[in-house]
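Below is one structure, written out as structure tokens; the observations come after it.
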Amino acid sequence: MKTIEETTETVQYHFPEGFWWGSSASATQTEGAADIDGKGKNIWDYWYEIEPNRFFNGVGPQNTSQFYYKYKEDIKLMKEIGHNSFRLSISWSRMFPKGKGEVNTKAVDFYNSVIDEMVETGIEPFVNLYHFDMPMALQEIGGWENRDTVDAFEFYAATCFQLFGDRVAKWFTHNEPIVPVEGGYLYNFHYPNIVDFKKAVQVGYHTILSSAKAIKKYRDMNMDGKIGIILNLTPSYPRSQNPADLKASKIADAFFNRSFLDPSVKGEFPSDLVAILKTEGFMPAMEAGDLDIIQQNTVDLLGINYYQPRRVKAKEHARNLDAPFLPELYFDNYEMPGRKMNHHRGWEIYEKGIYDILMNVKENYGNIECFISENGMGVEGEERFRDENGMIQDDYRIEFISEHLKWAHKAISEGSNVKGYHLWTFMDNWSWSNAYKNRYGFVSVDLDNDAQRTVKKSGYWFKEVANQNGF
């Protein structure tokens with residue numbers, strides 16, 4: 001077997017020095033220990049209690065992948081497969097069991113230990129504050145519908161900055177904030193399972209306000225680092241160049257991408273989206289000074305999650321005036337013939353999308369410093385690819401990552417300010433209502449055998465990529 005020194009001459013795609021190689025995960029999806037050491041319930045713990053049937057094979061969040069117990073082993077393994085960085089999230093309800101009030105000292109001890117372990121191992125911690133896991137005590141007063149939650153989030157954020165900011169220099173306020181809006185208030189795949197566009201708009205608005213207020217707090221505290229947000233940017237491709245299809249794709253982009261991208265990076269909401277909200281009577285409740293806070297507290301760093309494109313076309317039929325208002329009243333979704341698919345997840349694979357996103361950010365968002373914070377391939381039944389030595393031969397994941405990286409490399413060659421690539425995810429984790437249906441990790445987790453970890457072929461491939469800073 002060749003050494004890395006011998007293989008570097010064959011590297012075709014070189015990445016910039018200091019490129020961030022790693023992966024991302026979230027607290028609820030990996031920690032387990034859902035009711036241990038003073039942790040309060042979040043909406044996932046509660047929803048699983050009342051409707052376990054909504055979760056694949058009835059598997060809930062109480063145990064998940066046991067990062068709470070195995071973090072030292074996991075961080076060592078991250079280093080072994082080439083990570084120089086890793087994004088985790090802090091569990092709000094572990095830190096503040098009631099969402100506010102007294103901080104849970106056992107939670108502080110846990111996150112201090114995790115961060116210390118990462119720093120000692122040579123892996124930079126990227127820390128995200130909110131990843132879909134509203135404390136149940138706050139959801140009972142409306143969650144993001146209620147402005148009091150914005151204040152609670154600001155306090156939670158400031159507490160984390162104070163406790164961990166001496167070792168963490170990359171912070172993120174929210175991960176994929178459009179998803180709790182879609183899931184909880186439009187399409188019924190997250191708790192509280194409400195279909196109410198007016199509430200959805202208010203939830204989105206308060207989320208953006210909470211992000212800006214946390215950023216303001218970070219800067220007021222003179223923290224020595226960068227703070228940003230992580231957005232799932234899904235390019236909206238029109239079916240054709242017909243003006244009606246182009247208009248439909250622009251509106252879809254406003255609803256699902258620019259709704260959070262514009263205020264986060266530019267400090268303002270998209271005018272075409274605001275016009276729709278005014279026309280339809282769905283403007284959020286706002287207070288004096290809010291827009292100034294949003295305008296003055298934009299992000300330093302943008303995390304970009306990319307999995308699949310959105311393809312849209314002009315409406316085929318007139319709207320039903322009796323139906324609940326949804327964004328799809330302005331466009332129809334479109335399935336492109338001959339599209340490449342991940343059939344396990346039901347998602348289109350379109351690698352060029354990552355390039356299109358990065359070029360858009362370069363050309364229309366000041367080429368802000370960014371990184372690919374999630375990209376990944378979920379596959380059901382991966383056990384069938386396990387070889388005689390027990391390793392999962394996931395060549396399909398290697399192909400998926402390398403094809404996306406080629407397009408990211410092209411964007412870099414054309415001036416994109418993209419600084420890293422994090423796979424979703426390090427190890428197989430619990431994926432919300434999908435539970436463990438699809439596996440995403442570099443490392444497999446055997447749930448029937450004390451959550452034993454085994455590196456997949458892709459993990460060893462990634463190690464080579466990171467060590468060579470290319471492939």
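At the listed q of 0.10 Å⁻¹, the Debye profile of the chain, built from one uniform point per Cα, gives log10 I(q)/I(0) equal to -0.73.
Okay, helix-only estimate at 222 nm for the chain: each DSSP H run of n ≥ 4 adds -39500 (n - 2.57), divide by all residues, round to 500 deg cm²/dmol; what do you get? Roughly -12000 deg cm²/dmol at 222 nm, from the helical runs in the chain. The stretch between residue 240 and residue 317 holds 25.9 nm of extra length on full extension. This uses 0.36 nm per residue minus the Cα-Cα distance. Given 5 Å bins starting at zero, what is the percent of C-alpha pairs of segment 9-123 in each, up to the one with the largest pair distance? Histogramming segment 9-123 at 5 Å steps yields 2, 10, 18, 20, 15, 13, 10, 5, 3, 2, 1, 0 percent. Under Stokes-Einstein, with the Kirkwood radius over Cα pairs as Rh, the value for segment 216-259 at 4 °C and 1.567 mPa s is 99 µm²/s.
Cross-linked pairs 198/313; 76/437; 198/410; 72/419; 217/406; 170/340: Cα-Cα separations exceed 32 Å for 198/410; 217/406; 170/340. Summed over the residues of the chain and divided among them, the accessible surface reaches 40 Å² per residue at a probe radius of 1.4 Å.
Here the chain has 48 percent of its accessible surface on carbon and sulfur atoms, given a 1.4 Å probe and all protein chains in place.
Straightening the chain between residue 141 and residue 76 buys 19.3 nm, computed as 0.36 nm per residue apart minus the Cα-Cα spacing. Judged by the mean number of other Cβ atoms found within 10 Å, the most tightly packed of the peptides 345-352, 457-464, 285-292, 227-234 leads the ranking 227-234, 457-464, 345-352, 285-292.
So if I average 1/r over every pair of distinct C-alpha atoms in segment 129-192 and take the inverse, what Kirkwood radius in Å does that give? For segment 129-192, inverting the mean 1/r across all distinct Cα pairs yields 12.8 Å. Straight-distance candidates among the aspartates and glutamates for linking to residue 352, with alpha-carbon spacing under 12 Å and chain neighbours fewer than 8 residues away dropped: 403.
Protection proxy ranking of 388-397, 244-253, 423-432, by the mean of other Cβ atoms within 10 Å over each peptide's residues and highest first, is 423-432, 244-253, 388-397. Normalising by residue count, segment 395-442 has a Cα convex hull of 87 Å³ per residue. For the pair residue 359 and residue 57, label points projected 7 Å from Cα toward Cβ lie 4.2 nm apart. Label separation (residue 460 vs residue 121): 2.0 nm, computed from points 7 Å beyond Cα along the C-beta direction. Taking amide H positions as modeled 1.01 Å from N, with prolines and chain starts lacking one, the residues under 5 Å from residue 128 and 5 or more places away or on another chain are 88, 89, 90, 172.
Rounded, prolate or oblate: which one fits segment 54-172, using the alpha carbon gyration tensor with axes a ≥ b ≥ c (rounded when a/c is under 1.5, else prolate when a/b beats b/c, else oblate)? Oblate.
Around residue 456, under 11 Å between beta carbons, what's the net of Lys plus Arg minus Asp minus Glu among the other residues? Spelling it out: positives minus negatives among the neighbours equals 0.
Around the Cα centre of the chain, unit charges on the Cβ atoms of Lys, Arg, Asp and Glu (plus for the first two, minus for the last two) sum to a dipole of about 720 debye.
When all alpha carbon pairs of segment 322-471 are counted in 10 Å bins from zero, the resulting P(r) reads 9, 32, 32, 19, 6, 1 %.
The values are calculated or read from the model by the stated rules, or taken from the named source; none is laboratory data. Because the structure is a prediction, the values reported are computed rather than measured. Note that we place each Cβ from the backbone using ideal geometry, even for glycine, and neighbour counts take in every protein chain shown. Areas reflect the complete protein model, heavy atoms only, side chains present, ligands, DNA and RNA absent. Shrake-Rupley method; radii C 1.70, N 1.55, O 1.52, S 1.80 Å.
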